[in-house]
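Asker: Have a look at this one.
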Amino acid sequence: MHSRDRRIVHCATRGVALAAAVACAGAPAAGCAGDSPESAAPASSAVVYDGATLIDGTGLPATEAARLVVDQGAVIAVGPQAEIEMPSGATVVDLSGKTVMPALVNLHGHVGFQRGLTYDAANYTRENIVDHLNRYAYYGVGVIVSLGTDAGDVWSGIRRDQEAGNLGGARLFTAGRGLARPNAGPGAAALRTSAYGVTSEEDGRRYVQELAAQGVAFVKVWVDDRGGSVEKLEPALYRAIIEEAHQHGLDVIAHVFYHDDAEELVAAGVDGFAHLVRDREMDDTLVAAIVEHDVFIMPNIGISERGRHSSPPPWLAAPILAETVAADVLARAADSFSRRAADAAERAARSYEQMERSLARLHAAGASLVLGSDSGVQDHFYGFSAHRELELMVAAGLSPMDAIVIATSRSADRLGLDDAGRLAPGARADFIVLDASPLDDVTNTRRISDVYIGGTAVDRAAQRAGWAAP
């Protein structure tokens, strides 16, 4: 029996006490077992999630003993139990002692490339992408943006099926193919050919026009020389790309490494950064320009934090990670940490400390921060890395509530979604049920009891069984 079914305790009728306590484990529209046709309340498709502490994703204080009413996959009412009327005939799920928060919205991932121990372009298939979307949903990620590594049209078919209600998992959005100098895009060899190679302003504009016609969510550019190993996208080229994207109503997100490039990109009108600056701490002038121009920032610190470990870090042994990642993959990841030289880890630790200070400075200045975990890079695990990002943001000085808002409504707003990242009337019923409050300890976002996407419970037990099968 699913955990949701164990907590469905009664079918509610407005203002009428049931003669006996009856468990309703069937579909929401079904009447209570044992009711006669004459006495049964009118069937209702509404489901009421009652009694939890509720974090709505907007930064408002949590609501104790909350009532969340869901119908047809959407939130229709939310608030204190005493203020929200119980719909007649609704099914009630008792969540007393639990905490409810919106599903996460992750603006930076890469789907399709990892399959078991392999990381290869040949893995980029519909089947593998759908598997990754299910892994995101398992961890309570309701929306994922695949940022610049989606060549072809496989993703568009998945998008159509999700919009038609024929396919579940985390909702997929994408930047399609990102733009860089030839062979100078993503760092991993498997991802490298997915980016357009830009050699002229005309190239850049034409590629943006293609992306706009495909219906992408963002335009992604790489402005990085990978330590001098590739050619960097020049200002004249990315200015043309940004200008063309804005003419089509698309925001441009830049992969950036150097402080000087970040300054020039802000001046050129870039809309967001997929990483913090990593060659030095961000100074007050850059931070002020970011705030003035409302450039949104993905701290994306988890991907860099990995570099400071020369032995397997404690989080690699998190129980929830073993539920979705095969033992041989975890062993490979542990070995990669063990093989890192101590001096390399020390350099990475010093760089990471600069990033933490940059993040604290951005937050104090009121910069717009969003969630982007770069998940889907080899062994940077789908879903789990988003929770790790929350933990690292709090360790850098943000409050748990700040981190949750960043990972929910703030990210949804930047994607242009008013139906995600929050629990409010009219929003999709994408939410996580937790066994403990993340406001007490942000790592409690991993203590997942249930996940609901579009009002439907994710069958996490069946997913675990499928992933564990040979």
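Asker: Which condition from (1) more than 23 Å from V377 (Cα to Cα); (2) modelled with pLDDT under 95 is the one that D261 breaks?
Answerer: Among (1) more than 23 Å from V377 (Cα to Cα); (2) modelled with pLDDT under 95, the lone unmet condition for D261 is (2).
Asker: Another one. Select, from A66, A74, A46, the only residue that is crowded, with 24+ Cβ neighbours inside 10 Å, more than 24 Å from I320 (Cβ to Cβ), small (G, A, S) and not assigned by TED's automatic domain parsing to the domain that holds V216.
Answerer: On the way: A74 fails: crowded, with 24+ Cβ neighbours inside 10 Å; A46 fails: crowded, with 24+ Cβ neighbours inside 10 Å.
None of the others qualify; the one that does is A66.
Asker: Does the stretch 147-181 hold any residues that are in contact with a Phe, Trp or Tyr (Cβ under 9 Å, 6 or more places away or on another chain) and assigned to a loop (DSSP other than H, G, I, E, B), and which are they?
Answerer: Listed by number, the residues that qualify are L147, G148, D150, A151, G152, G169, A170, A175, G176, G178, R181.
Asker: What residue, of D413, D441, D402, D459, is more than 28 Å from F337 (Cβ to Cβ) and not assigned by TED's automatic domain parsing to the domain that holds G165? Reasoning before the result, please.
Answerer: Working: D413 fails: not assigned by TED's automatic domain parsing to the domain that holds G165; D441 fails: more than 28 Å from F337 (Cβ to Cβ); D402 fails: not assigned by TED's automatic domain parsing to the domain that holds G165.
Of D413, D441, D402, D459, the one residue that is more than 28 Å from F337 (Cβ to Cβ) and not assigned by TED's automatic domain parsing to the domain that holds G165 is D459.
Asker: Further question: List the helices (runs of 4 or more DSSP H) that sit entirely inside the stretch 245-332 and contain at least 2 residues that are of a type in the set (D, E) and surrounded by fewer than 16 Cβ atoms within 10 Å (Cβ to Cβ).
Answerer: Correct list: 284-292.
Asker: In the stretch 205-248, how many are closer than 14 Å to G148 by Cα and small (G, A, S)?
Answerer: Number of matching residues: 3.
The values are calculated or read from the model by the stated rules, or taken from the named source; none is laboratory data. Since we're looking at a predicted model, the values are computed, not measured. All Cβ positions, glycine included, derive from the backbone under ideal geometry; neighbour counts span all protein chains shown.
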